[in-house]
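What follows is a short report on a single structure.
The values are calculated or read from the model by the stated rules, or taken from the named source; none is laboratory data. Owing to the predicted nature of the structure, the values given are computational and were not obtained by experimental measurement. Using ideal geometry, Cβ is built from the backbone for each residue, glycine included, and neighbour counts are taken over all protein chains shown. For the accessible areas, the whole protein counts, side chains as well, though only heavy atoms, and no ligand, DNA or RNA atoms are used. Shrake-Rupley method; radii C 1.70, N 1.55, O 1.52, S 1.80 Å.
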Amino acid sequence: MDFTNVTKALTARGFKVSSFETAKEAAEYLNTQIDGATVGFGGSITLEELGLYALLSGHNTVFSHWHLPEGVDAAALRAQAAGSEHYLLSANGIAETGEIINIDGTGNRVSSSLYGHKRVWFVVGSNKIAPTYDEALWRARNIAAPKNAQRLGVKTPCAVNGDRCYDCKSPQRICRGLVVLWEAIRSCETEVVLVDEPLGY
């Protein structure tokens, strides 16, 4: 995929951008950039596919509620991740015009994309990029959200049918908050790591 347009748009909005042909190259880059630090993970299939927890845990202190040490609950790890120096997550959609979109149910990912860290890293596969803001938002609601709902085993209409967002009122609804980054947040450095492979949902 040609990342020229999205890189130009993200850069103009104040984001740092790096791009790689493969997930392996992106993982190696992140492994060299983050060293001797505290690192928080948002729940992300993309980060799992890159093997970043194992890589970074070798020389950093990593907090991920998907990797629970014995005797520690997920809420405690989310809280520790929220206070980390670095925070890694993916995006549900990025527009070629530069907007970054995330939908969350618990709020830990979206809140950490906005505040509390020295550096935030979005790791994003080519499948997450859409031409316009409206198409990126549509993707987040109608592709990423139903797949995540199915992964979590909830009984929402989007999970049962696997086709689109129903804007449901289910108590198990996972789409409870939407964050759009129009510009890089002032309080932290934000880098978007683009990978020319489909990653995550």
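Miscellaneous remarks
- Within the stretch 164-182, tally of residues that are in contact with a helix residue (DSSP H, G or I) (Cβ under 9 Å, 6 or more places away or on another chain) and in a loop (DSSP other than H, G, I, E, B): 10
- Comparison of A159, A76 shows that the only residue that is assigned to a helix (DSSP H, G or I) and surrounded by 17 or more Cβ atoms within 10 Å (Cβ to Cβ) is A159.
- A residue that is touching a Gly at 6+ places or on another chain (Cβ under 8 Å), surrounded by fewer than 16 Cβ atoms within 10 Å (Cβ to Cβ) and either touching a residue at least 12 places away in the same chain (Cβ under 8 Å) or not hydrophobic (A, V, I, L, M, F, W, C) (or both) occurs somewhere in the stretch 51-59.
- Cross-chain or 6+ apart pairs with Cβ under 8 Å, the stretch 171-186 first and more than 21 Å from Y115 (Cα to Cα), then open to solvent by 90 Å² or more (accessible area, probe 1.4 Å): Q172/K155; I174/L152
- Among the residues making up the stretch 44-64, those that are over 19 Å from K118 (Cβ atoms) and either at pLDDT below 95 or of a type in the set (V, I, T) (or both) are I45, T46.
- For the stretch 158-169, the set of residues classified as within 15 Å of I143 (Cβ to Cβ) and not acidic (D, E) consists of C158, A159, N161, G162, R164, C165, Y166, listed by residue number.
- Of the strands (runs of 3 or more DSSP E) lying entirely inside the stretch 88-137, those containing at least 2 residues that are open to solvent by 10 Å² or more (accessible area, probe 1.4 Å) span 100-104.
- Residue under evaluation G71, criteria (1) at positive phi; (2) modelled with pLDDT of 95 or more, criterion not met: (2)
- Helices (runs of 4 or more DSSP H) within the stretch 1-54 that include 1 or more residues charged (D, E, K, R), over 17 Å from the mean Cα position of the chain (by Cα) and more than 24 Å from I185 (Cα to Cα): 23-33
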